[in-house]
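First up is the structure itself, then whatever we jot down about it.
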Amino acid sequence: MLFQTPREQLLELSKYDRIAIYLFRKLTQGLTASSLPRELPFNQDDIRAAMRQAVTDGVIDKEVANVPDIKYTFDARRELPSEIEQCGPMTWLQRGKGLYKLRRTRRRNLIDFSQLPEPALEIVADQTTPFISALLGNDEQAVFTRVRNIDLLTTFLGFKAWPIQGHHRTSVSYGQIEVDEVQAGIDSKNQHTIVPISGKGGQDKLSWSQALNLNTYAAEKPPMPGLKVRSIGLWRDHLNTVWIMEFSPHLDIDDIEIVNVRRFKFQ
């Protein structure tokens with residue numbers, strides 16, 4: 001049988017971790033490490049049933065009303081608990097409206113910047129005025145503001161891209177997603193290019209599931225066919241440096257790679 005976290009250790013985990021573990025146990029009843037399939041499909045009713053059982057067992061105090069927030073946590077804030085990944089990395093993915101799956105993937109979902117070859121630090125002049133800087137927070141919007149003020153994406157892309165839409169919440173083939181910003185431009189080879197962007201800061205991190213959302217958006221949503229795709233991730237680390245990375249445009253999460261990464265510091 002699959003390993004189960006002892007109750008004492010389970011109660012030390014975050015509430016969302018405990019819910020995810022109860023969901024995993026529900027989905028894997030009777031399975032072993034050798035019989036665990038590549039994908040475990042489930043829906044919101046399964047999540048709520050797992051939460052009800054966790055309440056009955058005294059593992060959580062009450063159910064979580066905002067179920068999508070649980071998924072977002074494992075998209076951008078922390079990895080799935082070790083009990084779920086006991087047979088290797090898994091990622092919580094959408095497969096339709098209110099439909100999900102835990103999929104065995106070749107790597108953990110959050111992008112570990114400490115494992116990347118560290119690019120040379122590039123110093124750039126911050127065009128944000130002191131007054132505006134004092135008002136900025138630590139979230140992705142603050143990152144976008146500083147990057148936009150000095151047109152840093154043009155430096156990274158090698159051509160001028162223009163904002164098309166911000167905070168674009170829309171549906172793709174496997175469910176609802178949100179793209180932080182969409183830009184478009186014509187590159188040096190005269191190719192019409194769409195640039196979907198995910199930006200993170202503070203406690204939120206970039207992940208492969210976010211990269212998949214960007215690529216899927218670019219493949220499915222533009223009103224014209226044949227656009228080149230340059231999916232971009234922005235992340236501000238605890239040293240207040242901004243990482244900009246480009247993802248390959250693959251539509252399978254295991255195939256996506258980082259094809260370029262640069263690191264900037266404002267001064």
Candidates E63, E118, E83, E79, filtered to the one that is modelled with pLDDT under 95 and among the acidic types (D, E): E118
Residue match in region 181-194 (condition: surrounded by fewer than 19 Cβ atoms within 10 Å (Cβ to Cβ), closer than 20 Å to T73 by Cα, polar (S, T, N, Q) and free of Cβ contacts under 8 Å to residues at least 60 places away in the same chain): no
Top-ranked residue in region 208-242 [being among the hydrophobic types (A, V, I, L, M, F, W, C) and more than 26 Å from T105 (Cα to Cα); ranked as surrounded by the most Cβ atoms within 10 Å (Cβ to Cβ)]: V242
Residue that is nearest to N213 (Cα to Cα) [pool: residues in region 87-146 that are outside any helix (DSSP H, G or I) and polar (S, T, N, Q)]: Q94
Single condition W162 does not satisfy, out of (1) among the aromatic types (F, W, Y); (2) surrounded by fewer than 21 Cβ atoms within 10 Å (Cβ to Cβ); (3) within 19 Å of I111 (Cβ to Cβ): (3)
Which numbered condition I84 fails, given (1) hydrophobic (A, V, I, L, M, F, W, C); (2) assigned to a loop (DSSP other than H, G, I, E, B); (3) under 14 Å from the mean Cα position of the chain (by Cα): (3)
Selected residue [in contact with a Pro (Cβ under 7 Å, 6 or more places away or on another chain) and among the aliphatic types (A, V, I, L, M)] from V229, V195, V172, V147: V229
Criterion (within 14 Å of the chain's Cα centre (by Cα) and more than 22 Å from F113 (Cβ to Cβ)) met by exactly one of T170, T216: T216
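Answer yes or no as to whether I47 is assigned to a helix (DSSP H, G or I), modelled with pLDDT of 95 or more and either touching a helix residue (DSSP H, G or I) at 6+ places or on another chain (Cβ under 8 Å) or not charged (D, E, K, R) (or both).
Details: assigned to a helix (DSSP H, G or I): yes; modelled with pLDDT of 95 or more: yes; either touching a helix residue (DSSP H, G or I) at 6+ places or on another chain (Cβ under 8 Å) or not charged (D, E, K, R) (or both): yes.
For I47, the condition - assigned to a helix (DSSP H, G or I), modelled with pLDDT of 95 or more and either touching a helix residue (DSSP H, G or I) at 6+ places or on another chain (Cβ under 8 Å) or not charged (D, E, K, R) (or both) - is met.
Here are some residues: Q203, Q165, Q176, Q210. Which one is part of a loop (DSSP other than H, G, I, E, B) and not hydrophobic (A, V, I, L, M, F, W, C)?
Values: Q165 fails: part of a loop (DSSP other than H, G, I, E, B); Q176 fails: part of a loop (DSSP other than H, G, I, E, B); Q210 fails: part of a loop (DSSP other than H, G, I, E, B).
Just a single option satisfies the conditions, and that option is Q203.
The values are calculated or read from the model by the stated rules, or taken from the named source; none is laboratory data. Bear in mind the structure is a predicted one, so any value in this text is a computation, not a measurement. Cβ sites come from the backbone with ideal geometry, for glycine too, and all protein chains shown count toward neighbours.
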